[in-house]
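Enquirer: Shown below is the structure under consideration.
The values are calculated or read from the model by the stated rules, or taken from the named source; none is laboratory data. The structure displayed is predicted, hence computed values, not measured ones. Every residue, glycine among them, receives a Cβ derived from its backbone with ideal geometry; neighbour counts consider all protein chains shown.
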Amino acid sequence: MGSIKDKVAIIGMGCSQFGERWDAGMSDLAIEASSEAFKDAGVGIEDIEACFFSTVYAPMGGTGSSAAADALKLRDIPIIRNENWCTSGHIALFEACMAVASGMYDVVMALGVEKLKDTGYPGLGMGRGMNPVLEARRTAPGSFALIAKRYFDTYGLTNEQGKELIGRIAVKNHDNGSRTPKAHFHNKVTLDKVLSAPVIAWPLGLFDCCGNSDGAACAIVTRADMAKNFRDDPIYLKGVGVAMDSTMPHLRPNFDWIHFGALMNSSRKAYEMAGITNPREELDLAEVHDCFTITELAIYENFGFSKPGGAIEDIRSGFFEIGGGLPVNIDGGLKCFGHPIGASGLRMTYEIYKQLQQKVDNPERQVKNPRLGLSHTFGGPPQISAVAILGNEKG
Amino acid sequence: MAGIFSAAAHIPYLKMERKAIGGAWERGSLAGCRSVAGSDEDSLTMAAEAAGACLEAAGREAVRGLYFASTTAPYKEKASAAMLATVLDLDSAMETLDLGNSLRSGLSALKLALDTAADGGKVLVASGEKRLAYPRSDQEQLFGDAGAAVLVGGGDAPVAYLGGYAVSDEITDVWRTQEDTYVQSWEGRFVTGEGYLRVTAQAIKGLLSQMGLKPEDINKAIIPAPDPRSAMGILKKTGLTEAGQAVDSMLEQVGFCGAAHPLVMLAAVLEQAQPGEKILLAAYGDGAQALLFEVKAQPVLPAVSLAQQLENRRAINSYARFLSFNGLVEPQPGEPFRLVPSATVTWRERDSLLRCRGSKCQACGTAAFPIQRICDNCRSVDQFETVRLSGMAGEVFTFSRDNLAGRPDDPVVVQTVVQMENGARFYGLMTDADPTQVELGTPVRLTLRRMHDLGGFHNYFWKCRLVR
C-alpha cells in the first residue's frame, strides 16, 4: 500500500454549533460550517473543484448529493456523497485527500452534515439492515453494550467495578465539554451522578451514551506543496487508515467482542503511514469515537494507547485526562457534542486541526505545543473504523 | 394399529394470578392463575414450541404429515401447518393441513392423524390456542394460552389407539363470527346442560358401549371442560369418578386452552403413563368425540416436563400489559422500525430465517448463523453444509439489557449473543426471561417467535430463551 503522508494539507476548517438546532435545517448547518471553513482558508466557493459529502440519515436515502448542492449552490463540479455509518465524515475527508493526492484537483472540500432532530423522535429508531427480522430491535446502545460484559469478565471486574470504570470516562468527557463552546452539553457530572443515572442498555447508563444532536463540519483540502499559498499554518495529513469488517464479525470463532479487527487494522495502517511506532508516547492528543464510554475504553486498547487490560489503570490514573499523558476527547467528544453521524468525523478532525494550530476557541483546553493528533470514528454494529493522523509540520 | 409415540405441551412463561384480573375490575376472582402468551407468542409459535420438543425427543424421521388445529390461527387465509412444517425443518414432501373453527378441532386432528398414519409414516399433530374473552368476563380469568403436539404413527406405538366414537351436534352455544374479537356465548345453563354435558356424555357412553367397557375399566379419563363445575358434572353424568379416573383439568394453573386443551392434558397424562393403563380422551365442540388408548410402553417424553414448565414461570401483575399483549389497548408507540419488510426475503432466506439452519464450512469447519456462502474464517466459497440450530444447546456469550429496544408494553430487550454447541453464534433477542437472571454462560435454547407485523403480515424468527 502506498502513502500520502505530507502530500495533502488542510487549509481551512469550519464547525457549526452542535445541539438541538430547532432553528437550523440541513442547509443552514451546511452553510454555517462551510462559511467558517471558506473564511478560514481564504477561499471562495468558486475555488472548490470537488465536494465530498457525508450524511447518513437526513434527508432519507435516495437523495444523492442534492442536499449539499442545494444548500451551497454548488454547481458544475462533482459532489460525491458517502454513507458509511458513523465514519462517514472521516470517509469524506479520506476521499478529499485522495482526490487531491491523485493530482486531479488542487482545492476540494469535505462536508459532513447531519440533521437528526427533524424526525419527531428522540432516538434513531430501531432495527438495522435489509433483512426483515435478523436485526430487528437492534439499537446502538444495545449493540455496543455487548462489549462491556465481555470486558468486565475478561479482566475480572465486578459489574460495579466495571460500571465505575466506564463512568470515569463520562466524567472526564463532560469535564472537557464544559470548556468547549460549540459542544451540545457543557455540564460537568460527578461519578455518583453517572452511576445513579437511568439505565439505557445495561450496563450503559444515560451518561455512558452520547446524545442525538444536529451539526455540520467542513474541511478545505489542498496539495501540501500549495498549502502555504493559503496560510502560514496549514495542517498536514500524516496518516490515514480505514478498515471495514463484516457486520457479523462474530461469525469468526475467536471473535471476543473486545478486540475489533476494524479498530486494530485502521489504526495500524494510519500509524504505519505516519511513521508512528508508539502511539501512547508519540501522539499529543486524540479524538476517538466515544459513542459510548465502553467504546472509548475498547479503543484505548485496540489502538495501543493502553496494553490489553491496561486501560483499567490508565483510566484510574487519569492518563487520558487533560494534562495527562495522552488527552483523549479534550473537547468533550461525542459525549458532549452528540453524534450527528455524517458530521462527527470532520468535527473531531476540526478539534485536532485547531489544537495543532494552537487556535482552539477556549484557551483553557489548549494542549501545549502539540505536534501530532489523531481523530477517529467507529461505526456500524460495530464494524467500520476510520483514523486520520494530522501534524503541524512536514516530515 | 396406529398410536402415539410422543406428546409435549408448551405452557407460556408468563402467568397471571386471577385475582389480579378480578382486582383490575374490582370484581370477584376465581382461584389460581391463568397462562398468558408473551407479547411475541401466538397459537402458531406455541404449537411450534411444543412440536419442536416432541420431535427433539422422538426424532424427525418418517414424519409424512402435519396437522395444525386452532380456532385462533394467525391467518384466516394462509395455512399455519405449512409454516410449522418449515420451522420444524421437516421434509417438504408431506401433507399439511389446518383444522379450525371448532373447539374440538385439536382432538379431530389427532383422530385424523390416527386414521391416516397407519402406513408406517408418522403424522405430527400440533395445536395452539390464544382465545380472547370479553374484558371483565369469567372467561377472561378462565381461559389460558398454550400449545401442544402429539406424534402419531402406525406400527408399534407405545400408546395404542383402540377406537373412537364421534357425535355431531348443532347448537349455538359458544361462537365467534368472522367479525368477532371476543368469544360469545348463550345463557350459561343452556350452554352447559344442553351443550357440553349432554353431548360429551353421549360420546363417552357411546365409546364405552362400543368397546364393551364399563367406566371403572378406564384408568385415566381426560375430559377437558371449560370450567371447574362442568369438569365435575361430566364425571357424574358418565359414571366416572374423581378418585377413580379423573386427571388434573389444568384449569386451576393454566386455564381452558380451547382446541389445544385435550392435547395439553394428554401430554400431562402421558408423562405419568404406566403400561396397561387405559386412557380415555374426549373433547367437546359442535358435537363431541371420545378416543380410547392403551399404554403398552412408556412413550418418548420431552426434555422439559410439564411440571417443570409450571414451576418455572413468571407472573405479570399488570392488567394493562395483559390487555396490550392481547392487542386490546394500544400503548403509546415507541420509536419507528427502520426495517424493510419483505415476503420475498423471508421466502428466499427461509432455510436460515425459518428452518433455523446455519452453515458449517466444509473446508475449515467454522459454523455460522445465518447461512454464509463465503466462510468468514477461511473465505472458501460455497463449500458448506447446513446445520439446524433449533433444539441445539447454547449458552450466553455476552448480553446487554436494552431499555430502548422493546415494545412500550414489554420494554426491556436482552440483546444476546449465544454460543451454540456447534461453535456458531446466534446474535439476537432473548425472550421469556427475567432479565436480571441472565449471566455469561447461562444455558439457552432457540425458540420461534412472532417478531413484528411489518408489511401487513406476521414476521416470524428465532429468539433465545432460558432453559426451563
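Enquirer: Name the one entry in B:Glu61, B:Glu41 that is outside any helix (DSSP H, G or I), under 16 Å from the mean Cα position of the chain (by Cα) and among the acidic types (Asp, Glu).
Expert: Among B:Glu61, B:Glu41, only B:Glu41 is outside any helix (DSSP H, G or I), under 16 Å from the mean Cα position of the chain (by Cα) and among the acidic types (Asp, Glu).
Enquirer: Check A:Ala30, A:Ala37, A:Ala24, A:Ala71 and return the single one that is over 30 Å from A:Gly241 (Cβ atoms), aliphatic (A, V, I, L, M) and assigned to a helix (DSSP H, G or I).
Expert: Sole residue among the options that is over 30 Å from A:Gly241 (Cβ atoms), aliphatic (A, V, I, L, M) and assigned to a helix (DSSP H, G or I): A:Ala71.
Enquirer: Another question, if that's okay. Residue by residue through the stretch B:432-452, note down the ones that are part of a strand (DSSP E or B), over 17 Å from the mean Cα position of the chain (by Cα) and within 13 Å of chain A (Cβ to nearest Cβ).
Expert: Hits for the stretch B:432-452 are B:Met451, B:His452.
Enquirer: Something else: Just the residues that are within 14 Å of A:Cys218 (Cα to Cα) and surrounded by fewer than 20 Cβ atoms within 10 Å (Cβ to Cβ), please, taken from the stretch A:8-30.
Expert: Listed by number, the residues that qualify are A:Gln17, A:Ser27, A:Asp28.
Enquirer: Checking the condition facing chain B (nearest Cβ under 9 Å) and in a loop (DSSP other than H, G, I, E, B), which residue from A:Gly123, A:Gly103, A:Gly156, A:Gly142 passes?
Expert: Result of the check over A:Gly123, A:Gly103, A:Gly156, A:Gly142: A:Gly123.
Enquirer: Go through (1) within 14 Å of another protein chain (Cβ to nearest Cβ); (2) more than 29 Å from A:Phe38 (Cβ to Cβ) and name the single condition A:Phe207 misses.
Expert: If we test A:Phe207 against (1) within 14 Å of another protein chain (Cβ to nearest Cβ); (2) more than 29 Å from A:Phe38 (Cβ to Cβ), just (1) comes out false.
Enquirer: While we're here: Surrounded by fewer than 18 Cβ atoms within 10 Å (Cβ to Cβ), touching a residue at least 60 places away in the same chain (Cβ under 8 Å), of a type in the set (Gly, Ala, Ser) and in contact with a Phe, Trp or Tyr (Cβ under 9 Å, 6 or more places away or on another chain), is that true of B:Gly206?
Expert: yes
Enquirer: Here is a follow-up. Residue by residue through the stretch A:351-392, note down the ones that are acidic (Asp, Glu) and buried (at least 24 other Cβ atoms within 10 Å of the Cβ).
Expert: A:Glu351
Enquirer: Condition (residue is facing chain A (nearest Cβ under 7 Å) and either within 32 Å of the chain's Cα centre (by Cα) or in a strand (DSSP E or B) (or both)) applied to the stretch B:376-397: is it met by at least one residue?
Expert: No.
Enquirer: On to the next question. Being in contact with a Lys or Arg (Cβ under 6 Å, 6 or more places away or on another chain) and either of a type in the set (Lys, Arg) or closer than 23 Å to A:Pro198 by Cβ (or both), is that true of even one residue in the stretch B:420-431?
Expert: yes
Enquirer: Give the number of residues within the stretch B:432-452 that are surrounded by fewer than 22 Cβ atoms within 10 Å (Cβ to Cβ), closer than 26 Å to B:Ala367 by Cα and either touching a Leu at 6+ places or on another chain (Cβ under 9 Å) or modelled with pLDDT under 95 (or both).
Expert: Number satisfying all stated conditions: 4.
Enquirer: Further, regarding this structure: Is it the case, given these coordinates, that B:Ser359 is at the interface with another protein chain (Cβ under 10 Å from one of its Cβ atoms) and out of contact with any Leu (no Cβ under 9 Å at 6 or more places or on another chain)?
Expert: It is true that B:Ser359 is at the interface with another protein chain (Cβ under 10 Å from one of its Cβ atoms) and out of contact with any Leu (no Cβ under 9 Å at 6 or more places or on another chain).
Enquirer: Taking the conditions exactly as written (part of a strand (DSSP E or B), touching a strand residue (DSSP E or B) at 6+ places or on another chain (Cβ under 6 Å), closer than 18 Å to B:Asp40 by Cβ and more than 9 Å from every other protein chain (Cβ to nearest Cβ)), does B:Val418 satisfy them or not?
Expert: Yes, satisfied.
Enquirer: Follow-up question, since we're still on this one. For residues that are surrounded by 13 or more Cβ atoms within 10 Å (Cβ to Cβ) and of a type in the set (Lys, Arg), tally how many sit in the stretch A:59-83.
Expert: Total meeting the criteria: 1.
Enquirer: Next up: Could you grab me the full set of residues in the stretch B:289-348 that are in a helix (DSSP H, G or I) and within 14 Å of chain A (Cβ to nearest Cβ)?
Expert: Within the stretch B:289-348, B:Ala343, B:Thr344, B:Val345, B:Thr346, B:Trp347, B:Arg348 qualify.
Enquirer: Looking at the structure I just gave you, is B:Gly423 outside any strand (DSSP E or B), within 7 Å of chain A (Cβ to nearest Cβ) and either within 30 Å of B:Asp91 (Cβ to Cβ) or modelled with pLDDT of 95 or more (or both)?
Expert: Yes, satisfied.
Enquirer: Here's a follow-up. Identify all residues within the stretch B:351-375 that are part of a loop (DSSP other than H, G, I, E, B), hydrophobic (A, V, I, L, M, F, W, C) and on the phi < 0 side of the Ramachandran plot; write none if there are none.
Expert: Once the filter is applied, which keeps residues that are part of a loop (DSSP other than H, G, I, E, B), hydrophobic (A, V, I, L, M, F, W, C) and on the phi < 0 side of the Ramachandran plot, the stretch B:351-375 yields B:Leu354, B:Ala363, B:Cys364, B:Phe369, B:Ile371, B:Cys375.
Enquirer: Can you find a residue in the stretch B:212-222 that is in the same structural domain as B:Gly164 (by TED's automatic domain parsing) and at positive phi?
Expert: Yes, the stretch B:212-222 has at least one match.
Enquirer: If you don't mind, another one. Identify the single condition in (1) at negative phi; (2) at pLDDT below 95; (3) within 11 Å of chain A (Cβ to nearest Cβ); (4) surrounded by fewer than 18 Cβ atoms within 10 Å (Cβ to Cβ) that B:Gly455 does not satisfy, given that it satisfies every other one.
Expert: (1)
Enquirer: In the stretch A:252-291, what residues are of a type in the set (Val, Ile, Thr) and within 14 Å of chain B (Cβ to nearest Cβ)?
Expert: A:Ile258
Enquirer: So, in the stretch B:103-132, of the ones that are closer than 30 Å to B:Ala320 by Cα and crowded, with 20+ Cβ neighbours inside 10 Å, which residue ends up farthest from the chain's Cα centre (by Cα)?
Expert: B:Leu103
Enquirer: Quick check on the stretch B:362-375: of everything there that is in contact with a Ser or Thr (Cβ under 6 Å, 6 or more places away or on another chain) and more than 9 Å from chain A (Cβ to nearest Cβ), which residue is surrounded by the most Cβ atoms within 10 Å (Cβ to Cβ)?
Expert: Filtering first and then ranking leaves B:Ile371.
Results for (1) surrounded by 23 or more Cβ atoms within 10 Å (Cβ to Cβ); (2) outside any loop (DSSP other than H, G, I, E, B), shown as yes or no for each residue.
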position	(1), (2)
A:Pro132	yes, no
A:Ile147	yes, yes
A:Arg150	no, yes
A:Gln161	no, yes
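Enquirer: For the stretch B:155-176, does any single residue satisfy the condition of being part of a helix (DSSP H, G or I) and either in contact (Cβ under 8 Å) with a residue 24 or more places away in the chain or of a type in the set (D, E, K, R) (or both)?
Expert: No, the stretch B:155-176 contains no residue that is part of a helix (DSSP H, G or I) and either in contact (Cβ under 8 Å) with a residue 24 or more places away in the chain or of a type in the set (D, E, K, R) (or both).
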